[in-house]
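The values are calculated or read from the model by the stated rules, or taken from the named source; none is laboratory data. Note that the structure is predicted; figures quoted are calculated from it, not measured. When we count neighbours, we look across all protein chains shown, and the Cβ atoms used for this are built from the backbone with ideal geometry, even at glycine.
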Amino acid sequence: MSDKIVAFPGAEPLPENPITVEREGYRYCAHDRITLDEHVRTVRCTDCGKVFEPFDYLLSNALSIQRAWLSHKEVMRKASEKAETVEALTKEEKRLKARVKLLKEKAEPSIDIKGKWL
Ligand SMILES: [Zn+2]
């Protein structure tokens, strides 16, 4: 019989786990400032360091720009409508002021410089 004791495979202590998971912090970041790193070809938030998948980032920004374009077009259309309304109202105000002036002149007799009532 042999005195040699063989350790059961897997009984030795585990080596340190080579994988580390870094959790995202709870700090809110709007990712307003972006750094494009040409060397490692990444899109990264300058403030919090979050790395974005480049296509997703580009697509997200393209959709934002598309929405902004549509909003701008709609705002310009409304501004044009308002400008037309203001122009029409200005003409109407001018017309009504002239009418009021005419009616006042008819209702209130003016004095002739010779002292006669007209
Ligand atoms: Zn950020």
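Key figures
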{"read-out": "Flag for residue 105 being more than 30 Å from residue 45 (Cα to Cα) and at pLDDT 95 or above", "value": "no"}
{"read-out": "Hits in segment 26-85 - residues which are modelled with pLDDT of 95 or more, within 15 Å of the ligand (Cβ to nearest atom), aliphatic (A, V, I, L, M) and surrounded by fewer than 12 Cβ atoms within 10 Å (Cβ to Cβ)", "value": "36"}
{"read-out": "Every pair of residues 6+ apart whose Cβ atoms lie under 8 Å, when the first sits in segment 30-52 and is touching a residue at least 24 places away in the same chain (Cβ under 8 Å) while the second is within 7 Å of the ligand (Cβ to nearest atom)", "value": "50/29; 50/31"}
